[in-house]
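Right, one structure below, let's go through it.
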Amino acid sequence: MSVRREIRDKIIELLKLGQTAAGQSVFSNRARPFNPRELPSITVYTESETSELANPPHSSLKRTLNLKIEAAIIEKTHLDDELDAVADEIERLFPPTFRPDPRFEGKLRSMALVSTEFSIIRDAEEPVGVVQLGFNVEYESHG
């Protein structure tokens, strides 16, 4: 199993334990279509990664993973307020001072929020509000 997958799995575990509006509707497959019966839901996925030699001449790499936590909700009257609320729930679980707990088994060095984007999907049965939080996740891998 790749370290990226292990990190995503641990983030999902923390989100499920964290009592967000999504409850247990936390997934790792961004290609999975929104199911209105499962909303609100959260999807965790990775977009890109950079790497550099960590300790030359050793073969370890310092990697920075671009990880997304995306929450989707259906709310007819206070959509922006509900998106703000779920974003706040996620940010409380991963604050700027977040340092990994033992469940990450030493794989994660740091995780910092770098972006928040809001959007709406209008072509669903009912409009779906989406908030996407982008994190830079640092970890080290050994070749």
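The values are calculated or read from the model by the stated rules, or taken from the named source; none is laboratory data. Please read these numbers as outputs of a predicted model, since none were measured by experiment. Here the Cβ is made from the backbone with ideal geometry for all residues, glycine too, and neighbour counts use every protein chain on show. Only protein heavy atoms, including side chains, enter the accessible area calculation; ligands, DNA and RNA are left aside. Shrake-Rupley method; radii C 1.70, N 1.55, O 1.52, S 1.80 Å.
Counting only protein heavy atoms and a probe of 1.4 Å, the accessible surface of the stretch 59-128 is 47% carbon and sulfur. Need the C-alpha centroid separation for the stretch 1-42 versus the stretch 64-92, integer Å. Using only Cα atoms, the two centres lie 13 Å from each other.
Determine, for each peptide in 83-94, 44-55, the mean count of other beta carbons within 10 angstrom over its residues, then list the peptides with the highest first. Each step should come with its number before you reach the end.
Working: 83-94: 17.3, 44-55: 13.2.
Result, highest mean Cβ count within 10 Å first: 83-94, 44-55.
Using θ = phi - 60° in the Karplus curve 6.51 cos²θ - 1.76 cosθ + 1.60, the 3J(HN,Hα) couplings for the stretch 39-44 round to 7, x, 9, 10, 10, 10 Hz; x is entered for Gly and Pro.
Shown in residue order for the stretch 115-132 are the 3J(HN,Hα) couplings computed by the Karplus curve 6.51 cos²θ - 1.76 cosθ + 1.60 at θ = phi - 60°: 7, 9, 10, 10, 8, 9, 9, 8, 8, 7, 3, 10, x, 10, x, 10, 10, 10 Hz (x for Gly and Pro). Per residue, the solvent-accessible area of the chain (1.4 Å probe, heavy atoms of protein chains only, all protein chains present) comes to 58 Å².
Using C-alpha pairs under 8 Å with a sequence gap of at least 6, the mean separation divided by the residue count of the stretch 5-74 gives a relative contact order of 28 percent.
For the stretch 61-143, what is the relative contact order in percent, using Cα pairs closer than 8 Å and at least 6 residues apart in sequence?
46 percent.
Taking every C-alpha pair closer than 8 Å and separated by at least 6 residues, the mean separation divided by the residue count of the chain gives a relative contact order of 25 percent. Rounded to whole numbers, the Karplus 3J(HN,Hα) couplings from phi for the stretch 84-98 are 4, 5, 5, 4, 4, 4, 5, 4, 5, 6, 10, x, x, 8, 4 Hz, using 6.51 cos²θ - 1.76 cosθ + 1.60 with θ = phi - 60°, and x at Gly and Pro. Note on Arg37/Lys76: beta-carbon distance plugged into 1/(1 + (r/R0)^6) with R0 of 25 Å gives a FRET efficiency of 0.95.
Of the beta bridges in the chain, as assigned by DSSP with both residues counted there, near 95 percent are antiparallel.
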